[in-house]
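The values are calculated or read from the model by the stated rules, or taken from the named source; none is laboratory data. Everything quoted here is computed from the prediction, not taken from an experiment. For neighbour counting, all protein chains shown are included, and Cβ atoms are generated from backbone atoms with ideal geometry for every residue, glycine included.
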Amino acid sequence: MINQLNIIVLLKQVPDIEKVKFDFKTGRIDRSSAEAVINPFDLNALEAAVEIKEKVGARITAISMGPKTAEASLRDAIARGADNAILLTDKRFAGADTLATSYTLACAIRKVGSYDLVICGEKTIDGDTAQVGPEVAEFLGVPHVAYVEEIREVKRDRILVKSKMGRNYYIIELKFPGLITVTKDVNTPRLPSLKDKIRSRKAEITVWNADSFSDLADERYFGAAGSPTTVAKVYVPKAERRKGKIFRGDLERAAKEIATVLREAHVIR
Amino acid sequence: MRISIKEVTEGLKSIVGEEWVITERESMEGYLRDETPDAIRPKAAENLVLVKPSSTREVSEILRYANEMLVPVFPVGGRTGLVGGCVPIEDGIILSLERMNKIEVDVENLMAVAEAGATLGDLIKAADEAGLFFPLHPGDEGAQIGGLIATNAGGVRAVKYGVMRNYVKGVEIILPTGEILNLGGMLIKNNMGYDLMHLIIGSEGTLCVVTKAILKLYPRSRYSVTLILPFNKREDAIRAVPEILRSGVTPLAIEYVGLKELNAAANHLGEEWPVQSGDAQLLIILSGSSEDEVYSACERISEVAEKNNAGEALIAETHDEQERILKVRSNIYTALKRDMVDILDATVPMSRLLDLMIKIDELSKRYGAYLPVYGHAGDGNLHVHVMKENGEVPSYADDLKGEIYEATVSLGGVITGEHGVGRLRIKEFHRFLSEKERNLMREIKRVFDPNNILNPGKIFP
């Protein structure tokens, strides 16, 4: 048994993608149309932390930035194995792009103090950028490995991971402190126990606002003010529906017609 | 039949148009069977024609024509039944209403008007889009409204909302004479004489053809969770069920399933079942209008579970996690189907469920047979499977089934709680129902369908 590691897991609350409605006119997600859940990739990140905790011992801190309602996701994280949870919520954080989000999260991690490993999901299902993890590492000035799909070994001061980048695999040893982002292949998140879930409803969630780490941060880099990204246009591709056509009449002619259609659709040459 | 199937084909073409009358065997293959295991599924007849009308008027004309020519008509829905109920066992017409699949949701009245050919999946989606909920879930969402009504379908969510009968508020039906009747309506109260509508529900296509229905919808529950409760002893699991219901919690579903069968189903889907301790497991679906309401129910269930020696219970909260659990549960049948002879749906008063299971254990030992058992513990409905041995139907299969039925009836139960009589249960139906009741049913059949053209050979021999 090695000394307990300090692991920080970054979580985002997202709408349940199976239920959420999309406004095709504005290109916006109607967040009120579905219940909010932990971003599925972040569940893999949390599960990875819990597996490390089970193997070598660790204290897991879950951090999320979002509205007050994101507390529910942090409670869920506690039910699933996090030891404590911090919610970053403040109007000044709102409207953040990935840069401002990463900056805020990095400040919060600094505020937590000592940590060995930060684990994030590879991306969120509502933003899909995969930028926040690596950007947080840059702000913290620590090394990172993205797209980790296997954790091979954990030691007191380092971790050995397999990362998939495009067509290639990399086996990388990362010295602590460091950050990894994990894919959905890294594990299968477990269901929480009913008892833990009931208990987590009463768990205390630490809430921080912009003033909580004013000593470590420059407020100008928070939220919309700190976000250089602007959305110029949202384009929603039309979903192609399956089409059916019945070819009738002379068998040979029908066969030729089918061949032509398939050729035009580039199914055959 | 007064005329040849060729002539029937021509007659049908003049009603619905050439395109919707199918005579090639290979094009109607899927309409010759239902989901009954191969070993016992009745064989389809040789001379058949498949017709797909698009309107009530066309259905009416088809029936009038068939009645005049004395041609048997086999109405089919999604063909998901398990007792050969829709298999066309005599030469005649297969009637599929799949083109009649419109659904209109009446939000004000919390009801939907659905054509008989709409699928359960379509209805669930339409209700959801209107912010409402159609809870019935017999397993296969390809089932059609007409079939759900004809068979009075049940399924896992009957504990809270009941079976199909509890949803149907009105039906449009066509009699064999071609006459169109509208029974019931968007009414909660209706006492106009004998309730013909409820006579039609569960009549298995033998009295009339249902073309449209008014169905009750519910407000979408804002919050739901699925629990998995593992028990080492089956008695503990079964004993916990009435205790949960007595505690004031009414779950959407309470399912009893063995770990072995759950693993078989998960394996069949390429998944892993999340709870590997506890041979006997209860799956409980809870829904409510708020998180607090659902969690207070969870707490009560947790207490009952603990009192009854349950192991560590797990909870699924996200849509995705809950769907995965329900999918495994719904696929036990598909996983076992290949090696299955028959799936029974014996139903006893909830308090006698354990007695029935003990009896089935005895039979399993005496016959040396693997009898997978699972079912809707919240409503006393148990699915016992008779399995093949070395790929063959064992010689004792009928005797064994007979004994299971006898045990069920002696415990105050019925041989079928969900699947109906269809073709397969005719013998037992006549064995376990009094002559007087059977005669009354026969008379009713004669009044509706004097020429016996509608789904002949079902319910009655």
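Annotations
- When B:Lys160 is tested against (1) touching a helix residue (DSSP H, G or I) at 6+ places or on another chain (Cβ under 9 Å); (2) under 26 Å from B:Gly422 (Cβ atoms), just one condition goes unmet, and that condition is (2).
- The listed residues are B:Leu363, B:Leu433, and the only one of them that is among the aliphatic types (A, V, I, L, M), touching a residue at least 24 places away in the same chain (Cβ under 8 Å) and touching a helix residue (DSSP H, G or I) at 6+ places or on another chain (Cβ under 9 Å) turns out to be B:Leu363.
- Segment A:201-216 - residue that is of a type in the set (A, V, I, L, M, F, W, C), closer than 23 Å to A:Asp42 by Cβ and in a loop (DSSP other than H, G, I, E, B) and, of those, nearest to the other protein chains (Cβ to nearest Cβ): A:Ala203
- Residues satisfying the criterion are absent from segment A:96-103 (criterion: in a loop (DSSP other than H, G, I, E, B), touching an Asp or Glu at 6+ places or on another chain (Cβ under 8 Å) and among the hydroxyl-bearing types (Ser, Thr, Tyr)).
- Residues of segment A:85-95 that turn out to be closer than 16 Å to A:Leu216 by Cα and part of a strand (DSSP E or B), as a count: 1
- Only one entry of B:Leu283, B:Leu227 meets the criterion of being within 13 Å of chain A (Cβ to nearest Cβ), hydrophobic (A, V, I, L, M, F, W, C) and in contact with a Lys or Arg (Cβ under 7 Å, 6 or more places away or on another chain), and that entry is B:Leu283.
- Qualifying position, being of a type in the set (Asp, Glu), more than 11 Å from chain A (Cβ to nearest Cβ) and farther than 27 Å from B:Leu336 by Cα, among B:Glu243, B:Glu291, B:Glu255: B:Glu243
- B:Met197 free of Cβ contacts under 8 Å to residues at least 40 places away in the same chain, surrounded by 16 or more Cβ atoms within 10 Å (Cβ to Cβ), closer than 30 Å to B:Leu286 by Cβ and outside the structural domain of B:Thr56 (by TED's automatic domain parsing): no
- Considering (1) closer than 24 Å to B:Gly420 by Cα; (2) assigned by TED's automatic domain parsing to the domain that holds B:Glu204, the lone condition that B:Val107 does not fulfil carries the number (1).
- Pick from segment B:321-350, criterion of a type in the set (A, V, I, L, M, F, W, C) and within 14 Å of another protein chain (Cβ to nearest Cβ), ranking: nearest to the chain's Cα centre (by Cα): B:Leu326
- Of the residues in segment A:213-221, none is among the small types (Gly, Ala, Ser), farther than 30 Å from A:Ile258 by Cβ and at pLDDT 90 or above.
- Residue satisfying all of: in segment B:139-156; touching a residue at least 24 places away in the same chain (Cβ under 8 Å) and surrounded by fewer than 24 Cβ atoms within 10 Å (Cβ to Cβ); nearest to B:Ile285 (Cα to Cα) among these: B:Gly155
- Counting the residues of segment A:189-200 that are facing chain B (nearest Cβ under 7 Å) and either within 25 Å of A:Ile125 (Cβ to Cβ) or in contact with a Pro (Cβ under 7 Å, 6 or more places away or on another chain) (or both) gives 4.
- Residue match in segment B:262-273 (condition: within 13 Å of chain A (Cβ to nearest Cβ), in contact (Cβ under 8 Å) with a residue 24 or more places away in the chain, under 28 Å from A:Asp185 (Cβ atoms) and not in a helix (DSSP H, G or I)): yes
- Segments classed as helices (runs of 4 or more DSSP H), wholly inside segment B:346-461, with at least 3 members that are under 24 Å from B:Tyr333 (Cα atoms): B:353-367, B:397-410, B:426-432
- Exactly one residue out of A:Tyr221, A:Tyr235 is farther than 26 Å from A:Val37 by Cα and aromatic (Phe, Trp, Tyr): that is A:Tyr221.
- Hey, B:Arg222 more than 24 Å from the chain's Cα centre (by Cα), surrounded by fewer than 21 Cβ atoms within 10 Å (Cβ to Cβ) and closer than 23 Å to B:Leu353 by Cα or not: no
- Selection status of B:Asn166, touching a helix residue (DSSP H, G or I) at 6+ places or on another chain (Cβ under 9 Å), buried (at least 17 other Cβ atoms within 10 Å of the Cβ) and under 28 Å from B:Val83 (Cα atoms): no
- For segment B:309-320, a tally of residues being surrounded by 21 or more Cβ atoms within 10 Å (Cβ to Cβ), of a type outside the set (Gly, Ala, Ser) and either in a helix (DSSP H, G or I) or more than 9 Å from chain A (Cβ to nearest Cβ) (or both) returns 0.
- Residues that are assigned to a strand (DSSP E or B) and buried (at least 24 other Cβ atoms within 10 Å of the Cβ) were ranked within segment A:15-45; the one that is modelled with the highest pLDDT is A:Ile38.
- Scan of segment A:46-71 for residues that are surrounded by fewer than 21 Cβ atoms within 10 Å (Cβ to Cβ), within 14 Å of chain B (Cβ to nearest Cβ) and either aromatic (Phe, Trp, Tyr) or in contact with a strand residue (DSSP E or B) (Cβ under 8 Å, 6 or more places away or on another chain) (or both), ordered by number: A:Thr69, A:Glu71
- Residue match in segment B:240-249 (condition: under 23 Å from A:Leu191 (Cβ atoms), of a type in the set (D, E, K, R) and touching a residue at least 60 places away in the same chain (Cβ under 8 Å)): no
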